[in-house]
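Asker: Sharing a structure with you now.
The values are calculated or read from the model by the stated rules, or taken from the named source; none is laboratory data. Given the structure is predicted, the values throughout are model-derived calculations rather than measurements. Quick reminder, even Gly has a Cβ in these numbers, built from the backbone with ideal geometry, and neighbours come from all protein chains shown.
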């Protein structure tokens with residue numbers, strides 16, 4: 001079982017990432033992925049671009065901790081997270097979470113867990129550029145709710 005994390009300014013190439021995982025892990029029966037894209041619209045209107053910032057070192061450690069929790073729970077063969085930073089434009093891939101596992105159920109759950117926790121626990125900051133100026137993006141209630149669902153499942 002392994003974890004692979006990349007935080008990069010280079011574009012995310014999901015096809016190449018998934019092909020590498022398929023080649024490296026031929027014994028798995030499932031490869032589940034989530035690709036997050038930059039939207040051209042936010043709750044307040046159109047978005048022209050976004051600057052994504054992070055805290056080097058701290059961000060990678062936070063992502064590794066999230067993935068380690070998923071490994072402990074579902075035991076997939078590998079979890080790969082590629083997260084973009086820097087200047088982004090609508091339809092640019094922002095994040096890829098890929099989970100290779102022997103069975104699809106574990107892969108789906110681990111992938112969903114990682115993206116849900118990444119949205120609330122990984123130190124990234126987003127600044128949107130809109131026709132009316134720039135603004136920092138606040139945490140979304142739906143992201144908080146998704147994380148809370150996992151915590152409640154653990155407690156219940």
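Asker: Specify which of the listed residues (114, 97) is part of a strand (DSSP E or B), within 17 Å of the chain's Cα centre (by Cα), surrounded by 15 or more Cβ atoms within 10 Å (Cβ to Cβ) and in contact (Cβ under 8 Å) with a residue 24 or more places away in the chain.
Answerer: Criteria check complete, one pass: 97.
Asker: Checking residue 72 against (1) outside any strand (DSSP E or B); (2) in contact (Cβ under 8 Å) with a residue 24 or more places away in the chain; (3) surrounded by fewer than 17 Cβ atoms within 10 Å (Cβ to Cβ), which single condition isn't satisfied?
Answerer: (2)
Asker: Follow-up. Being touching a helix residue (DSSP H, G or I) at 6+ places or on another chain (Cβ under 9 Å), surrounded by fewer than 17 Cβ atoms within 10 Å (Cβ to Cβ) and assigned to a loop (DSSP other than H, G, I, E, B) is the filter here; which residues of the stretch 5-52 pass it?
Answerer: Of everything in the stretch 5-52, just one residue is touching a helix residue (DSSP H, G or I) at 6+ places or on another chain (Cβ under 9 Å), surrounded by fewer than 17 Cβ atoms within 10 Å (Cβ to Cβ) and assigned to a loop (DSSP other than H, G, I, E, B), namely 29.
Asker: Report yes if residue 87 is loosely packed, with under 14 Cβ neighbours inside 10 Å and free of Cβ contacts under 8 Å to residues at least 12 places away in the same chain, otherwise no.
Answerer: Criteria not met by residue 87.
Asker: Select from the stretch 117-138 the residues that are in contact with a helix residue (DSSP H, G or I) (Cβ under 7 Å, 6 or more places away or on another chain) and surrounded by fewer than 18 Cβ atoms within 10 Å (Cβ to Cβ) and write down the one among them that is nearest to residue 68 (Cα to Cα).
Answerer: Result: 121.
Asker: Let me ask something additional. Considering every residue within the stretch 55-66, establish whether at least one is surrounded by 13 or more Cβ atoms within 10 Å (Cβ to Cβ), closer than 24 Å to residue 15 by Cα and touching a helix residue (DSSP H, G or I) at 6+ places or on another chain (Cβ under 6 Å).
Answerer: There is at least one residue in the stretch 55-66 that is surrounded by 13 or more Cβ atoms within 10 Å (Cβ to Cβ), closer than 24 Å to residue 15 by Cα and touching a helix residue (DSSP H, G or I) at 6+ places or on another chain (Cβ under 6 Å).
Asker: Pairs under 7 Å by beta carbon, first residue more than 19 Å from residue 36 (Cβ to Cβ) in the stretch 13-25, partner outside any helix (DSSP H, G or I) and at pLDDT 95 or above, six or more apart or different chains?
Answerer: Every condition considered, the pairs that remain are 22/31; 25/77; 25/78; 25/100.
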